[in-house]
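The values are calculated or read from the model by the stated rules, or taken from the named source; none is laboratory data. The structure displayed is predicted, hence computed values, not measured ones. A quick note on method: Cβ atoms are made from the backbone with ideal geometry, for glycine too, and the neighbour counts reach across all protein chains shown.
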Amino acid sequence: MNKNQTNIFKDKILLITGGTGSFGNAVVKNFINSGIKEIRIYSRDEKKQDDMRRKFNNEKLSFWIGDIRDKKQLNNSLKGVNFVFHAAALKQVPSCEFHPYEAVKTNIIGTENLLDSCISNNVEKVICLSTDKAVYPINTMGLTKSIMEKLCLSKSRITNETIIATTRFGNVMASRGSVIPLFCKQINEGLPLTVTNPKMTRFMMYLDEAVDLVFYAFANAKPGDLFVQKSPASTIDNLSKAMIEIFNLELDNVEIIGTRSGEKLFEVLISREEMIYAIDSGNYFKISPNFDRKQYIDYTDRGDENLSINQEYTSDNTYQLSINEVKNLLLNLPEIKSLLKGKLNEGS
């Protein structure tokens, strides 16, 4: 992100919900030395907040302990705020499956609390972070995120002062709970790599690219817009083989465990239905809500032939990376560099 791009935040106040996570840390790293007036981190974990406070040690950074389920604290934290990045969510598939109503309270009710508070506090723009799991959802996490997206649309209909838009992510490499940190842990402990289904495909996206996507949405969004970044993908087979080659492991150092509950064979970032309205802008797709065209009749008596021929955008029909291309991506990750350095020190 260059200086010209961050000028739009000059003398403004940005609040990030769930801001102590990997996304929030990446945003702060990119923005803290810009002309931004203040970045407010809104989250529940005081330990992570203290770690972040010590890590950045910058007066522009302020911290608010609070849950997006708590509308009163949200209202307090949003006073004077210009922009919001909404990253707070229950994101782990297993925890949402075992405690579905907790996911409802955070991902759905919490989002409505936030959007209502943003509107009442005259926040200029809100960018909400969603996931590929919201498209054709098969688990509670995806279902609640899908409803979250619908809330963003419905709130966009009723306000002209606050622009609400959404970004949708596929797999962010090395994010918490993803497969790359698991592989790194297994390599460090001398365990075989556990592969679910070798044919499974996942988008490959850097964390900084996720920040760029949110910024692109911020700079270009109109009410109700949804943004998706085009990304290459890899099979889990190629990913595991790339890790094996990087760390000089035995080729058979893999254990096939099968597809896990709540897991798809491939990620879907744009549904067949949405592709009708998707605008291709090079590196990104923008899906506008078409508030004026879509009426009740579209759900009852009127059809669209394009719905029968369009194809969704998935990790199966995007560009597929070779093993060498996956290796090149992985070698740029701090987690891989750190593990390689550790292994090198062990051998010296």
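Checked against (1) under 30 Å from residue 104 (Cβ atoms); (2) assigned to a loop (DSSP other than H, G, I, E, B); (3) out of contact with any Asp or Glu (no Cβ under 9 Å at 6 or more places or on another chain), residue 20 meets all criteria but (3). Exactly one residue out of 139, 171, 160 is more than 18 Å from residue 243 (Cβ to Cβ) and modelled with pLDDT under 95, and it is 160.
From the list 40, 44, 54, the one residue that fits, being within 17 Å of residue 80 (Cα to Cα) and charged (D, E, K, R), is 40. Here residue 174 fulfils each of the conditions (1) part of a helix (DSSP H, G or I); (2) surrounded by fewer than 23 Cβ atoms within 10 Å (Cβ to Cβ); (3) touching a helix residue (DSSP H, G or I) at 6+ places or on another chain (Cβ under 6 Å); (4) touching a residue at least 24 places away in the same chain (Cβ under 8 Å) apart from (1). Just checking, does region 229-250 include any residue being crowded, with 19+ Cβ neighbours inside 10 Å and closer than 30 Å to residue 162 by Cβ? Within region 229-250, one or more residues are crowded, with 19+ Cβ neighbours inside 10 Å and closer than 30 Å to residue 162 by Cβ. Among the residues examined, residue 29 does not qualify as surrounded by fewer than 17 Cβ atoms within 10 Å (Cβ to Cβ) and at pLDDT 95 or above. Take the conditions surrounded by fewer than 17 Cβ atoms within 10 Å (Cβ to Cβ), assigned to a helix (DSSP H, G or I) and at pLDDT below 95 and apply them to residue 47. Does it pass? In short, no. Being over 28 Å from residue 26 (Cα atoms), assigned to a helix (DSSP H, G or I) and in contact (Cβ under 8 Å) with a residue 40 or more places away in the chain holds for only one residue in 237, 212, 208, and it is 237.
Take the conditions (1) surrounded by 16 or more Cβ atoms within 10 Å (Cβ to Cβ); (2) closer than 27 Å to residue 109 by Cα; (3) of a type outside the set (D, E, K, R); residue 136 misses just one of them, which is (1). Scanning region 122-152 for residues that are within 14 Å of residue 274 (Cβ to Cβ) and small (Gly, Ala, Ser) yields 130, 134, 146.
Each residue in region 50-79 was checked for being in contact with a strand residue (DSSP E or B) (Cβ under 9 Å, 6 or more places away or on another chain), surrounded by fewer than 17 Cβ atoms within 10 Å (Cβ to Cβ), closer than 29 Å to residue 108 by Cβ and of a type in the set (S, T, N, Q), and 2 of them qualify. Remark: pairs (first residue in region 192-203, under 21 Å from residue 231 (Cβ atoms) and free of Cβ contacts under 8 Å to residues at least 40 places away in the same chain; second residue assigned to a strand (DSSP E or B) and acidic (Asp, Glu); Cβ separation under 7 Å; 6+ apart in sequence or on different chains) are absent. Once region 290-321 is narrowed to residues that are touching a helix residue (DSSP H, G or I) at 6+ places or on another chain (Cβ under 7 Å) and modelled with pLDDT of 90 or more, the residue that is farthest from residue 226 (Cα to Cα) is 321. With respect to the conditions (1) basic (Lys, Arg); (2) part of a helix (DSSP H, G or I); (3) touching a strand residue (DSSP E or B) at 6+ places or on another chain (Cβ under 7 Å), residue 40 falls short on a single one, namely (2). Only one of 60, 71 is among the basic types (Lys, Arg), modelled with pLDDT of 95 or more and within 24 Å of residue 141 (Cα to Cα); which? Exactly one of 60, 71 is among the basic types (Lys, Arg), modelled with pLDDT of 95 or more and within 24 Å of residue 141 (Cα to Cα), namely 71. Determine if region 76-97 includes at least one residue that is modelled with pLDDT under 95, more than 22 Å from the chain's Cα centre (by Cα) and of a type outside the set (Lys, Arg). Looking for residues that are modelled with pLDDT under 95, more than 22 Å from the chain's Cα centre (by Cα) and of a type outside the set (Lys, Arg), one finds none in region 76-97, hence no.
Any residue at all in region 106-125 that's over 30 Å from residue 37 (Cα atoms) and either modelled with pLDDT under 95 or of a type outside the set (A, V, I, L, M) (or both)? Taking every residue of region 106-125 in turn, none turns out to be over 30 Å from residue 37 (Cα atoms) and either modelled with pLDDT under 95 or of a type outside the set (A, V, I, L, M) (or both).
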